[in-house]
Amino acid sequence: MFSPRTPAKTKSTPLGPPVSQLRSSTNRSRNVTPRRGLRNQSALASQSFHGPQVIEETQQHRIETLGLTLPVLITEALTLSDRSTTEITACIDPSGWAWLVGGRKLFVWRYKPSGSSRSGGACKELTLPPSDLAHSAERVCLIPSPIEGQPAACVAVSPEGVVRYWPNIAFEASTAEISAELQGEECARVINFQPYGCLLATTTSSLLLLEPAVGQASIRCKALKSSQGIFSGISRRMSSFIFGASIIETNGAPLQTIVAAPEDEYDDDEEGEDRRSFYVLSGNHLNKWQVPSIGPEKLLYQMDADRVFKELLAKQVWDQDSVQLPQLDTWLLDFQLNSDGIVMLGAGVNAEVDNSLYYALVFLETKNDAPPTVQEFILLDYVQKYSEETEGQTLSYRLLLPTPRSNTAFIYNSTSILMLQDRSALDKMDLRTSGDCLLGAGRSDGLAVFFSNTHGIFSVSPPRPEPSVLDESNNQGVSLSRTELSTMALNMSRTVDLTDSSDNKAMLKNAFIASISGEMDKAQSLVEELRDLGQGPASSDIQGSELDTIIASVSKDLVDDFPNADPRWAESGLQDSSSSTVSVIIVQQLKDKQVAHDLFVTFLKNFGLWNQLGCVTSIHGNVMPTSLLLCEHVEKLEAAIGLRELHAEHNKLVDHCINSVVKARQQFVPDTLLPQDLFYREVSRVPEILPVLVSREKELLATDQHSHVVVSLVMAVNSLLEAMLHLALQYRQSSASKYAEDNRVMPEYVPWSATPEVRDAITQQINLSLQQGIPEARETDVQGLLYQNIVGLADILMDGYASQIQSLDPGASANSSIRRDKLEKEFQKKRHSLIIPLLEHKQYDRAASLAEKYEDFEMLMRICDATDNQDRLQRYRTQYADKGFAQFLFNWYMKEGKRSHLLAQPVTQSDELSKFLDGDNVKYLSWLHEIKRGNYTGAHYALADLAKNETNFLSKKKTLLSLSKLAALASEGSDDNLADNIEVINEELDLVLHQELLPSHTVEGVGMDPDNMRVLKPQELIELYVSDANTDANELDVKKALDLLRHVDRDDDGLDFDTLKLHIWSRAILMDSWEEDPNDTDPLNSNRDKVFFKTVNLVYIDGDLEFLLPDLPVLMASPELAELSKQPHFKFLMRGGYEQIRSTLEQVD
């Protein structure tokens, strides 16, 4: 229920997008728009006091508008305020006053007329006390004047406790202001407590009495306390074992609700003392207070309500005592007073079993001022899943009783309304319109009243008793009397005589006619004979039965019926002797057919045939649910009415097209009739004129025409198409619940307005408007009308796609899933092609209206970017938060190269952005975001990760490592890994330094740019230091190569550490000549000049000799020294050198 595309029965629904009923022939098409803002204003403005309008009526509930038209100030506050920064709340008072709070603005108005006046008077705008916290309507108390028709007084309190009093709201400058001295506590609620003033309760259950002076700008504040000698007075009352035996101080406990008892509670009391009581639900306890006219206030009793609720819930749900359920958590949410005492709303979850959150009502009976006793416990047939993340939403429900004696209770929060009837039947209504919510609730004239964010004030109540078929016909707003309906039944009955026919179709018609005529027994008897025809379609079967075919045929006969009352048809010889219309005027004939068809649907439902409907083949050749085919017949009636009402305005064009359609059908036109008579009679084929209209338009535009003729022609066809299709779509949406299907598997639903012929006609018309209409239009207002026509037609076109896609269940079958995917791609392509021209013509608001409704995030982003409207962008983020808009937004910024926009996101979206920047493709930006929001630890890890994966540019890796180290040093976190991470970074920077120290000629020798090197692995650096490419290699280069060994990954299976070490030393040996010098008298002394032994000396100085120097046999066995090892002189020098090394080491030891 209340889906945006399936509003209910009539004009609009407060829990779905409203649809205005536009019947004027000249403005019909111009007022069609999918814009939420316009629709919302229409819904708010549609409320009037000329009697409530039924918004929706089902078998479970009835929703009606209530009260006077909302003042302009209120509609502006609801539609223009920025909800991301301004919290809006409202209250509805039984006295007929209502008030709304947004920011520091307080709006007060009458939603019901006062006395004989039918006007609510002007809305007063008052200024609330300054506050750093958000104001709320619950902190405002309106005091109605005892003199009818006079302005009220008002008390408003800021969260910090600043009290502002207006003795007369008509004079907003006359105020009194005091401080309630809350001592750091926060004001939660202010309620009317006449004749004593107003009660103020803080969030921690402190209580104060505000005493305004009537008619004077003066107000006093008094704290209410329970310590003034009251224990002796209540000890007797607190002796109950069930409710405890001692008073518990409630100050500091969270406040749930404060409710004033009726003023006449003590009227029958013999004591004769003026006093009034009130109740407070605070923490786990329910307290009753009494304030006398003379003397101190009294705390009459205190009840451990939570313990009572917990015991009742445990027994009802788990059949155990609460002491046996240590994991049972309960919450007392709200309470109200009824004629017997108290009704309390609570919730509970037993985490030991599962996370199911149960809701229940406890009815407590009160007598005098004694503690209440349990009268009844009702577990609601409503369970939610509990989690700490959703606790705020699941525990936000409030309770509302329309009257103290009402057998209906309402449980509601900002998005849902639950109605409990007769303490058993529960009906749940959800607000599904995007951005909609309940701002407040109350009661008025015995009704539960709610204030919707987008639709103003409306009431919800149980449905009224269902009238008879004939009575329902007279409630349709059609000018048919009961006598005319009887005549209609007589006309229809002339051709069907059951005694002479066994035809099932005739039998169904007779049953229908009998129901209209009031012969219910006869109708029931005939229906029983037909019922077997509908036995058959299983829940998974999309094929219909013979009953479906018969019902569809009768429905078609009704809309295609001949106008029996028109004598011209009698002379033509074409008419059927039955008729469902009693008028000679074409438009009235069409409306009479609507009544007849509505009676037929009611007949099917009342006699149990509706639930047996399956599927049937439509006139277009596709299989569809029979109920939707019946709806389609009425949609075509609406389209015919729309065309007929504009026929006279564009008679030349329409007559020509009707003649073409009738000629194409090869229908004979009698002398007594006109082609339009034949055309409007056969309603089921009325859509055939749509492509003909566009075709005729193209023919005329192909000729040389003046600019104003071109514009007039295009606008005429626009208005005709839009009037027909919009009225049909409007009926489909507003009657969705009437023709709703059950949960059976159904075939793909293709509305007649979404058939290829109609889609093609709409597309061509939009293109003609863009290509020929707008360029020829000189006036701005004319261009605006054309653009609005385009929006209306595009809306109709895309709605057809949406309905078609919605009918395909991707889980039904593989083919269904494939078909849905294909259709969605087609829809996205069409959606783009329809919106982009509006964007190119800078029609941003009109483009946004379509993009918002059909969730084209690409277009929404382009609109926000083109207009640089950050407020709109943030609204979209909130509006489409559960549909991945934030992810799309981030991806769009990346795709468009707008990285600065990405990083400039508000702080409130920082967590979403952090999650997005964790992706591999955008991780390089994550550290900037973390720095911006002060998360230096997160920036450190992000930079370290980027540095680890950087392999292309050495300079970039160095920068990332340096920044990562700097972020770690700047972090104030207590992460134990930071110190270890800094050590790792230092090692990485050391590796970078080794690469930077490579000789330039060596780097160039391997084809790299020394200023733009890629990141080399440690083994690659080792090779460059000791290879032939390093023509000037010396012992320092060899030492660097050896130092690089500590960066080598020893766990790398493709790398042998000892082999690499041996390679370095072998290359050091080969850097010198080892030929014998005949003139050398001390060969071993020449070792001092060898690179090998110079390197040994450097390694020895660092203390790594034993670890890095290989044994002589291992070194001599190196494959790289195979030839050199055969030379005796080389062997001599190496052995001598190793002996000197051992000798030196022994001396040190």
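The values are calculated or read from the model by the stated rules, or taken from the named source; none is laboratory data. Remember, predicted model here, so these are calculated numbers, not experimental data. So basically every Cβ, Gly included, is an ideal-geometry build from the backbone, and we count neighbours across all protein chains shown. The protein model used for the area step is the full one, side chains on, heavy atoms only, and it has no ligands, DNA or RNA in it. Shrake-Rupley method; radii C 1.70, N 1.55, O 1.52, S 1.80 Å.
Calculate the FRET efficiency for residue 225 and residue 192 from the Cβ-Cβ distance with a Förster distance of 30 Å, rounded to the nearest 0.05. Mind showing how you got there, number by number?
Numbers: r = 22 Å, r/R0 = 0.72.
Using R0 = 30 Å, I get an efficiency of 0.85.
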Listed peptides 878-885, 677-684 by packing density, highest first (mean Cβ within 10 Å): 677-684, 878-885
Accessible-area ranking of 62, 1135, 696, 1088, largest first, probe 1.4 Å: 1088, 1135, 696, 62
Gyration tensor (alpha-carbon) shape descriptor, segment 621-711, a/c threshold 1.5: prolate
Cross-link partners of residue 124 among lysines (Cα-Cα below 25 Å; sequence separation of 8 or more within a chain): 105, 112
Potential lengthening between residue 87 and residue 708 on full extension [0.36 nm per residue; Cα-Cα distance subtracted]: 218.6 nm
31 Å Cα-Cα threshold exceeded, pairs from 428/822; 636/883; 385/825; 932/958: 428/822; 636/883; 385/825
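Rounded to the nearest whole Å², what accessible area per residue is found for segment 1047-1134 with the 1.4 Å probe?
It amounts to 58 Å² per residue over segment 1047-1134.
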For segment 776-819 and segment 159-174, distance of Cα centres in Å: 51 Å
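What's the ranking of 1109-1120, 718-729 by average number of surrounding C-beta atoms within 10 Å, highest first? Write out the running numbers ahead of the final one.
Numbers: 1109-1120: 14.3, 718-729: 26.8.
Per-residue mean Cβ counts within 10 Å order the peptides as 718-729, 1109-1120.
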Pairwise FRET efficiency - residue 1055 versus residue 1105, Cβ, R0 = 30 Å, nearest 0.05: 0.80
Spatially proximal lysines relative to residue 1094 (Cα-Cα < 22 Å; intrachain offsets below 8 disregarded): 1039, 1040, 1061, 1131
Per DSSP, loop trypsin sites (Lys or Arg not before Pro) in segment 983-1056 with at most 12 further Cβ within 10 Å: 1050
Table column - 3J(HN,Hα) (Hz), segment 341-348, Karplus curve with 6.51, -1.76, 1.60, x for Gly and Pro: x, 10, 10, 10, 9, x, 9, x
Long-range HN-HN contacts of residue 219 with modeled amide H, under 5 Å: 213
Accessible area of segment 677-827 belonging to carbon and sulfur atoms, whole % at 1.4 Å probe: 51 percent
Straight-distance crosslink candidates among aspartates and glutamates, where the alpha carbon sits under 12 Å from residue 225 and sequence neighbours closer than 8 are dropped: 249, 297
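At 0.36 nm per residue, and after removing the present C-alpha to C-alpha distance, how many nm does the segment from residue 168 to residue 403 gain when stretched out fully?
Full extension from residue 168 to residue 403 adds 81.7 nm.
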Cα-based shape type of segment 780-864, given that a ≥ b ≥ c are square roots of the gyration tensor eigenvalues and the cut on a/c is 1.5: prolate
Vicinal HN-Hα couplings computed from phi for segment 513-526 (Karplus, 6.51 cos²θ - 1.76 cosθ + 1.60; Hz; Gly/Pro x): 5, 5, 5, 5, 6, x, 8, 5, 4, 5, 4, 5, 4, 5
Distance in nm between pseudo-label sites at residue 887 and residue 1117 (7 Å out along the Cβ direction from Cα): 6.0 nm
Anisotropy class of segment 293-363 from Cα gyration tensor, a/c 1.5 cut: prolate
Estimated distance in nm for a label pair at residue 871 and residue 387, the labels positioned 7 Å out from Cα along Cα-to-Cβ: 3.5 nm
Chain lengthening between residue 217 and residue 424 when straightened (0.36 nm per residue, less Cα-Cα): 69.5 nm
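Run through segment 941-998 and list the trypsin sites (Lys or Arg not before Pro) located in a DSSP loop whose Cβ has at most 13 other Cβ atoms within 10 Å.
none
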